[in-house]
Amino acid sequence: MKSRNILLIEDNPDDEALTLRALRRNKILNKVTVAHDGAEALELLFTEGSDVPPPGLILLDLKLPKIDGLEVLRRLRADERTQFIPVVVLTSSKLDEDIIASYRNGANGYVRKPVKFAEFAEAVSTLGMFWLLLNEAAPEFVHHQMEGRHP
Amino acid sequence: MVCVDAGGRIVLVNAQMVRLFGYPREELEGQLVEMLVPDAARAAHPQHRTGYMADPVPRPMGAGMPLAGRRRDGSTFPAEISLSAIDTDEGTLVTAAVRDVTERQCRQDDLERAIRNLETFTYSVAHDLRAPLRALGGFTAALLEDCWDALGEAGQGYAERIKAASEQMAALIDGLLRLSRLSRAEMNLHAVDLGAEASRIAGELQRGGLDRRVSFVIQRPIWALADTPMIRMVLQSLLDNAWKFTSRRDDALIEFGTTPVGDARVCCYVRDNGAGFDPAYVRKLFNPFQRLHTAGEFPGTGVGLASVRLIVERHAGHTWAEGAIGEGATFYFTLNAREIA
């Protein structure tokens, strides 16, 4: 099976570096693309003829410049090309309203970035493990991905 | 107060109405009451008036909708109006007690603005304040993992301190958010057996600390009207504290029970025979982030007891404590919450 990419949507360079380091250290070697704000993420995902294949997992921060995480999520779910891609919200807050809004807009999971690095690393690696290896992706999505890649 | 007859004509006004609406008495009496109604609501008013005449039970006007009065100069003010009827020789008269609530409206607006600001603040604390801490903790961990030898013994110690401090600050921020959430959260009152809840928590503590020898004496049942998740937090904090502060005793005893106090509906206590505290500082115990022990003696953030007080006060109760150094501590709380009819 072709290994699937991860799209990390994260504006904070420190969190980006820590997330990438956590993935590497836990031997998750899937290619990671980073978008630094919501607009860049949508451009990456929706630009026709883009050479970036659709990701197998999106890690999404909520508080982002330009277009925020919830809006990105709404647009992903509204588009048939991205509606079934697993999206896990990976953010600072555990406010009830953020968690509820994320699920309401179609998030597959919600993980709070822990301050303890060991926990942070474990969270990131568990996410990669589950969504990229164990979880069965929606057939429509796989079908679409193949169509998109080999017209 | 304005008195109006069945035809909607003003029969009588008191001095307060003259002041409130800015009309001399003689310009009001004999006129249709609609002259006091703002333009936008005037056309519909006679119909409401007739409706009230058909069933003249005392009630507030407007069914919860915001009301306003119209002054002589055309300006309006937010009003609260209650209606009632009296039977006289000249037929039924309706009296309307009108109150200007401008000031209350302003206070409410201020309050709503303050709450909105607080929510913005909370949001920012939850999202922005933790991020730099993650960087501090994360990169210090990276330093320890990748540069262990280069750091040397002193450097490793410093890095460990940075890591521990960032984790402590994260715990403080979480405490702050918890307090702010508790003060706003909606309450749902149910009958709760506090004794059963305390036993469950005691069981968890025992299972999590198999190296400790602690006896629990818990009264059961203790029924109280409370918000279940909140009151669990109170019991958890108090029992966690008792557990923590008895950690240096091998004959630790923790009691939970009730004691009759004044006219309180329920007064509970949690007593331990642990480290206790200096009674000179008893007044500071429940303040947020206040600690009476150093982190080296007993770890903590100083949020537990502050949350206890906040929750108990939301249940119309209060909290106090007794203790002495080396002689244990007793924490009391009363609950007086009533079902809102």
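None of the figures in this text is laboratory data; all of them are computed from the coordinates on show. Nothing here was measured: the structure is a model prediction, and the numbers come from that model. Note that we place each Cβ from the backbone using ideal geometry, even for glycine, and neighbour counts take in every protein chain shown.
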- Message: For a protection proxy built on the mean count of beta-carbon atoms within 10 angstrom, sort B:318-324, B:328-334 highest first, please.
- Response: B:328-334, B:318-324
- Message: Compute a Gaussian network model of chain A, connecting alpha carbons closer than 10 Å, and tell me which residue from A:115, A:124, A:87 fluctuates the most.
- Response: A:115
- Message: Just to check I understand the Karplus step: with θ = phi - 60° and J = 6.51 cos²θ - 1.76 cosθ + 1.60, what whole-Hz values come out for the stretch B:201-214, glycine and proline as x?
- Response: 5, 4, x, 4, 4, 4, 5, x, x, 5, 7, 9, 10, 10
- Cα gyration tensor category, rounded, prolate or oblate, for the stretch B:2-100 with a/c compared to 1.5: oblate
- Task: Counting helices only, and only those DSSP H runs with n ≥ 4, report the 222 nm mean residue ellipticity of chain B as the sum of -39,500 (n - 2.57) divided by its residues, in deg cm²/dmol to the nearest 500.
- Result: -14000 deg cm²/dmol
- Task: Starting with the highest mean, order B:191-197, B:38-44 by the number of other Cβ atoms within 10 Å, averaged over the residues of each peptide.
- Result: B:191-197, B:38-44
- Restricting to Cα pairs under 8 Å and 6 or more apart, the percent relative contact order of the stretch B:71-166 works out to 18
- Relative to the compact-globule estimate 2.2 N^0.38 Å (N residues), the Cα gyration radius of the protein assembly as shown stands at a ratio of 1.38
- Kindly flag which residue pairs out of B:244/B:284; A:116/B:244; A:66/B:163; A:113/B:163 have an alpha-carbon separation exceeding 25 Å in this structure. A:66/B:163
- Message: Quick check on chain B: take the gyration tensor over C-alpha atoms, sort the square-rooted eigenvalues as a ≥ b ≥ c, and tell me if it's rounded (a/c under 1.5), prolate or oblate.
- Response: prolate
- Message: Output wanted: per-residue J couplings in Hz (rounded whole) for the stretch B:15-25, from phi through Karplus 6.51 cos²θ - 1.76 cosθ + 1.60, θ = phi - 60°, x for Gly and Pro.
- Response: 4, 5, 5, 4, 5, 5, 9, x, 9, x, 3
- Any idea what the relative contact order of the stretch B:2-100 is, in percent, if you count C-alpha pairs under 8 Å spaced at least 6 apart? 30
- Note on the structure: the stretch A:6-149: relative contact order from alpha carbon pairs under 8 Å, six or more residues apart, as a whole percent, is 25
- Collect residues whose amide H, placed 1.01 Å from N in the peptide plane, falls under 5 Å from the amide H of residue B:101; neighbours closer than 5 in sequence don't count. B:79, B:80
- Loop-located GluC sites (Glu not before Pro) in the stretch A:50-115 whose Cβ has at most 12 other Cβ within 10 Å (DSSP): A:80
- Task: Let me know the shape class of the stretch B:161-255, please: from the alpha-carbon gyration tensor, a ≥ b ≥ c as square roots of the eigenvalues, rounded when a/c is under 1.5, otherwise prolate if a/b is greater than b/c, or oblate.
- Result: oblate
- Reachable aspartates and glutamates from residue A:27, Cα under 15 Å, same-chain residues fewer than 8 places away excluded? A:122
- Message: Per-residue Cβ counts within 10 Å, from other chains only, averaged over A:11-18: what number is that?
- Response: 4
- How crowded by other chains is B:136-148, given as the mean number of beta carbons from other chains within 10 Å of each beta carbon? 4
- How many partner chain Cβ atoms sit within 10 Å of a residue's Cβ in peptide A:56-68, on average, as a whole number? 1
